[in-house]
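One structure is given below, encoded as structure tokens.
Since every read-out is calculated from the coordinates, none of them should be taken as a lab result. This one's a predicted model, so the numbers in the text were calculated from it and none came from an experiment. When we count neighbours, we look across all protein chains shown, and the Cβ atoms used for this are built from the backbone with ideal geometry, even at glycine.
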Amino acid sequence: MKLIVSWAPERTGQALAQLVAMLTLGTALPHALREAGADLPWQYVILASSMLALLGAVLIHLLGDGPHLPGTGQAKHASGTTSERPLTVFDAFKVNRFRAAALGYFGHMWELYAFWTVVPLLVANTALLSEYSAVGLSGMAFSIIGIGALGCLVGGFLSRRIGSAKVALGALASSCVCAVVFALFWRDLPAMWLGVLLLAWGATVIADSPQFSALAAQACPKEVVGAALAIQNSIGFAISVVSIAATTALFDHIGLDAAWLLVPGPIVGLLGFVWASSRAANSETDA
């Protein structure tokens, strides 16, 4: 993410959307391999993954940092004054617009990975599996998760026209609506409409992620972009660990009604973003 910001700051939202689209396809790929009947020894999978990681490291080394991020040195603060004290990641969280993006991202992360984890359970315990058995459980899981790559690319395209904030909020609100509709009507919806709903959920649940990261990168001091994004992502994944454990545990007791547990994430993210953004706007007005 830092590399993308340092090379293409004028199109951060679109470039990060392409990055997250690749991440989404990578997440969905095991389901596609399983559906295709791939039965490779696990050692081959680990070896191939390790070689790709080394190749990625070489490419990153060759690319290097771009010209659009400053190095360390005197720190320029929001007030416009300079200080000899180097900025730290905590300075990023003092910026209201960074906090807004971070809060939206945290709410998004409560929903995202828990949803990806339970997609096979959502398919297997509805009419989808029996109605479309030819596609297979893994094939449907790949489609529902993988369509998120398309959602990211569309969101990146729109971010160049309407801005990352509107794309992020629109996607987060849309995924929240999908979660509520599924939790309310999974027993009653025909298989075709359940499939459409889950595809829409899969497309929107990830589309906000690169836009929140773009907003965070644009808001925080440029000297700590890498650290700030790393901490933001670390907190987000820690939240995901809790939501995955809670959702899967609840599923064992109440089945598909556990989808209700995914709803608070987007709601809190939306409220947090709006609250911190309003504080930022008030601060700028006062200034």
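Taking 37 °C and 0.692 mPa s as conditions, the stretch 130-287 diffuses translationally at an estimated 188 µm²/s according to Stokes-Einstein applied to its Kirkwood radius (Cα pairs).
Of all segments of the chain bounded by trypsin sites (Lys or Arg not before Pro) found in a DSSP loop with no more than 13 other C-beta atoms within 10 Å, the longest spans 188-287.
Computed over the chain, relative contact order equals 33 percent, with contacts defined as Cα pairs under 8 Å that lie 6+ residues apart. The simple spin-label model puts a point 7 Å past each Cα toward its Cβ; for Phe237 and Ala249 those points are separated by 2.2 nm.
Rounded to the nearest 20 debye, the dipole magnitude of the chain is 660 debye, with +1 charges on Lys and Arg beta carbons, -1 on Asp and Glu beta carbons, and the Cα centre as origin. Compared with the direct C-alpha span, the chain from Thr117 to Ile60 gains 17.5 nm at full extension, assuming 0.36 nm per residue.
Counted as membrane-span-like here are DSSP H helices of the chain whose alpha-carbon atoms extend 30 Å or more along the helix's own axis and whose Kyte-Doolittle mean is 0.5 or above; these are 12-35, 42-63, 96-124, 137-162, 164-185, 225-254.
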